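Participant: For reference, the structure I am asking about is given below.
The values are calculated or read from the model by the stated rules, or taken from the named source; none is laboratory data. The model shown is predicted, which means the values in this text are computed figures rather than measured ones. Glycine gets a Cβ as well: all are built from the backbone with ideal geometry, and neighbour counts include every protein chain shown. With ligands, DNA and RNA removed, areas are computed over all heavy atoms of the protein, side chains included. Shrake-Rupley method; radii C 1.70, N 1.55, O 1.52, S 1.80 Å.
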Amino acid sequence: MSIQQEIKRLTAPDIRARKGGEPIVCLTSYHAHTARLVDRYCDVILVGDSLGMVMHGFETTVPVTLDMMILQGHAVMRGSRRALVVVDMPFGSYEQSKEQAFASCVRVLKETHCGAIKLEGGRRMAETIAFLVERGVPVMGHIGLTPQSINTLGSFRAQGRDEVDWAPIEADAMAVAEAGAFSVVAVAVKKQLGRRITEKVPIPTIGIGASPACDGQILVLEDMLGLSPRVPKFVKRYGDLGPGIEAAIAGYAKEVRARVFPGREHTYEMRAKRKP
């Protein structure tokens, strides 16, 4: 009799211990079926608030709600077994106060059973991060370009374009680490700045549009698969699934209109009557 070995899911401390070691592989996912595929190869699956743009067609992540994040977090947890699942906290669910942030995070952890949450902001969120970590909430930080602040930033542009702008971003990274976050995502920062932050902070840095020197990398799954019509400069397309999907849909529509599909092999015939 064979005994199936139980698969142990990675935890926030496991990822924290990877600082300076083997690169941490991360991708986003919002569905159970993509989570099953991503889970085979990735250490971290982020249920990103980018789902607002990828799944719902919003122009920004601002309209995303906590209920939306919890629903997709459920799906990703059902589809994965090994990777640490991190759920983004959406705009408006954590900024008002430490207490609001804790209540929102508790909902996410209890209702999805995910392993950690992610929230945007450096120094301004350090006190909240410390408050959460002290109460048992594993936090992944997020510095550099913060899409939830698009209405004040004005555009999705790279951060730290000039060296004189580096100090505040470095300070944000250090503040997140000192507050107790187990890792930090560095978004759209200059390559040299990404390397410098990685060398200075004691927690893993996860780059997206940052430096190859970061402790790990993350991309939006649909971007790297060629399913998004517009992608940032930092995205490499590892597939081009969009044209293939469209061709399949076009072929289906053509056969339905020509009454070619469904064919005999796709329908249920009456059973032949038995002879007495």
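Participant: Would you be able to tell me the number of residues in the stretch 35-49 that are closer than 17 Å to Asp223 by Cβ and open to solvent by less than 20 Å² (accessible area, probe 1.4 Å)?
Facilitator: Selection size over the stretch 35-49: 9.
Participant: Okay, moving on. Regarding Thr28, is this residue of a type in the set (Ser, Thr, Tyr) and either open to solvent by less than 20 Å² (accessible area, probe 1.4 Å) or under 13 Å from the mean Cα position of the chain (by Cα) (or both)?
Facilitator: So Thr28 fits the description; yes.
Participant: Is there a residue in the stretch 257-271 that is in a loop (DSSP other than H, G, I, E, B), closer than 30 Å to Ile24 by Cα and open to solvent by less than 100 Å² (accessible area, probe 1.4 Å)?
Facilitator: The answer is no, given that none of the residues of the stretch 257-271 is in a loop (DSSP other than H, G, I, E, B), closer than 30 Å to Ile24 by Cα and open to solvent by less than 100 Å² (accessible area, probe 1.4 Å).
Participant: Quick one: which residue in Ala181, Ala158, Ala186 is modelled with pLDDT under 95, within 25 Å of Val62 (Cα to Cα) and within 21 Å of the chain's Cα centre (by Cα)?
Facilitator: Ala158
Participant: Looking only at residues in the stretch 50-69 that are surrounded by fewer than 19 Cβ atoms within 10 Å (Cβ to Cβ) and of a type in the set (Ser, Thr, Tyr), which one is modelled with the highest pLDDT?
Facilitator: Once the filter is applied, the top-ranked residue is Thr65.
Participant: Those residues that are open to solvent by 10 Å² or more (accessible area, probe 1.4 Å), in contact with a Ser or Thr (Cβ under 7 Å, 6 or more places away or on another chain) and either of a type in the set (Val, Ile, Thr) or within 24 Å of Val133 (Cβ to Cβ) (or both), I need them from the stretch 179-213; list them, please.
Facilitator: Thr198
Participant: Here are the criteria: (1) touching a residue at least 60 places away in the same chain (Cβ under 8 Å); (2) more than 25 Å from Glu59 (Cα to Cα). Tell me which single one Gly263 does not satisfy.
Facilitator: Of the numbered conditions (1) touching a residue at least 60 places away in the same chain (Cβ under 8 Å); (2) more than 25 Å from Glu59 (Cα to Cα), the odd one out for Gly263 is (1).
Participant: Let me spell it out: the conditions are (1) at pLDDT 95 or above; (2) hydrophobic (A, V, I, L, M, F, W, C); (3) crowded, with 23+ Cβ neighbours inside 10 Å, and Leu109 meets all of them except one. Which number is the exception?
Facilitator: Leu109 satisfies every listed condition except (3).
Yes or no, residue by residue, for (1) open to solvent by 40 Å² or more (accessible area, probe 1.4 Å); (2) touching a Phe, Trp or Tyr at 6+ places or on another chain (Cβ under 9 Å):
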residue: Leu71; (1), (2): yes, no
residue: Leu84; (1), (2): no, no
residue: Met89; (1), (2): no, no
residue: Tyr94; (1), (2): no, yes
residue: Glu120; (1), (2): no, yes
residue: Leu132; (1), (2): no, yes
residue: Thr152; (1), (2): yes, no
